Amino acid sequence: MKHWRIEDVAWDRFDPARADPDLVPLVKAAAMVERNGTDYAIYLNRVFADDPDFRRAADMWAAEEVQHGDALGRWAMLADPAWDYTAAFARYKAGFRLPLDALASVRGSRTGELIARCMVETGTSSYYTALAEATQEPVLKQICKNIAADEFRHFKLFYDHMRRYLARENIGLLRRLRIAAGRIGESEDDELAYAWHCGNEPEAQAYERTRCTAAYMGRAMAFYRFRHIERGMGMIFKSVGLAPRGRLSDLSARGAWRLLQWRRRRFAQRLAA
Ligand SMILES: [Fe+2]
Ligand SMILES: [Fe+2]
């Protein structure tokens, strides 16, 4: 059972005057990536072929991700009635492919796959928390709160399964750290950048990863506050098996916060150029 339904959102409370124009294009791009959850479930079902418990959980997870896309897409169409969610997603799906024919995890092990999933859910739960706190538009606030709560449960789900596989596969700390860092670095790959393109740029304009990454990340990073990074760092630490609270986690959160500010300025410069 899903924890909330799209019909439960108070859509009639939508207030166009409070829809921050900086947020609308971010919501459009996020809707694409979320809606693509079904493809990721196909991949997970192949990687965990002999684990029916996990496969059931993955299918349920994907249904929730799709609902995230549908809710964000519906909100974006309220904010911008000229925008077509279905058409934008069709474009995204035609141009962005996950490794659906993989028979094993692209992360080298099932533990690695689940650590990578934990990184994604850490990112999304922090992101939607930041958006929920930043927006004054009541419908988007409600949607982002609902989504952030789902993403945190998803983190917990993948974390619990990861612990189960870790006991069996026994992957060392360094390798776990490498997998986690690698997945975080991929936030500047095509998945998000291409979603920005399909959600916000006309078909006649050629896709360019550097430009689209700067456009998406530069805007998205503006909504984070230190507390979001601090909490996210605790989740990353927990995922790789380090103490989520303590000096090392603290120092890393401060470092990540500084890096985020620096990246944000760089993206802004790149966009201006
Ligand atoms: Fe999601
Ligand atoms: Fe999620």
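The values are calculated or read from the model by the stated rules, or taken from the named source; none is laboratory data. From a predicted model like this one, the values you see are computed outputs, not experimental measurements. Note that we place each Cβ from the backbone using ideal geometry, even for glycine, and neighbour counts take in every protein chain shown. In case anyone asks, the SASA skips ligands and DNA or RNA and just uses the protein heavy atoms, side chains included. Shrake-Rupley method; radii C 1.70, N 1.55, O 1.52, S 1.80 Å.
Odds and ends about this structure:
- Computed from backbone phi with θ = phi - 60° and the Karplus coefficients 6.51, -1.76 and 1.60, the 3J(HN,Hα) list for the range 53-60 is 4, 5, 5, 4, 4, 5, 5, 5 Hz; x is used for glycine and proline.
- Rg/Rh (Cα only; Kirkwood hydrodynamic radius) as it applies to the chain: 0.95
- For the range 106-132 versus the range 30-44, the gap between their alpha-carbon centres in whole angstrom: 13 Å
- For the range 144-273: rounded, prolate or oblate by the Cα gyration tensor [a/c cutoff 1.5]: prolate
- Angle between the chain longest axis and helix 110-134 axis [Cα atoms, degrees, rounded to 10]: 30 degrees
- Within a straight-line Cα-Cα reach of under 12 Å, Lys238 can be paired with the following aspartates and glutamates, leaving aside sequence neighbours fewer than 8 residues apart in one chain: Asp160.
- To the nearest ten degrees, helix 247-272 and the longest principal axis of the Cα atoms of the chain are 40 degrees apart.
- Divided by 2.2 N^0.38 Å, where N counts the residues, the Cα radius of gyration of the range 1-121 comes to 1.21.
- Whole-Hz couplings from phi, Karplus 6.51/-1.76/1.60, listed for the range 220-234; x for Gly and Pro: 4, 5, 5, 8, 7, 10, 4, 4, 5, 5, 4, 5, x, 5, x
- Separation of alpha-carbon centers, the range 232-273 and the range 74-88, rounded to whole Å: 32 Å
- Across the range 173-179, rounded Karplus estimates of 3J(HN,Hα) from the backbone phi angles (6.51 cos²θ - 1.76 cosθ + 1.60, θ = phi - 60°) give 4, 4, 5, 5, 4, 4, 5 Hz, Gly and Pro being marked x.
- Using a cutoff of 8 angstrom between alpha carbon atoms and counting only pairs six or more residues apart, the relative contact order for the chain works out to 23 percent.
- Global form of the range 1-71, assessed from the alpha-carbon gyration tensor, a/c cut-off 1.5: oblate
- Take every pair of alpha-carbon atoms less than 8 Å apart whose residues are at least six positions apart; their mean separation over the length of the range 143-273 yields a relative contact order of 24 percent.
- A simple packing score, the average count of other Cβ atoms within 10 Å per residue, orders the peptides 191-197, 216-222 as 191-197, 216-222, with the highest score first.
- Potential extension, Met1-Glu191 segment - 0.36 nm per residue separation minus Cα distance: 65.6 nm
- Accessible surface of the range 115-273 [probe 1.4 Å, protein heavy atoms]: carbon and sulfur percent: 55 percent
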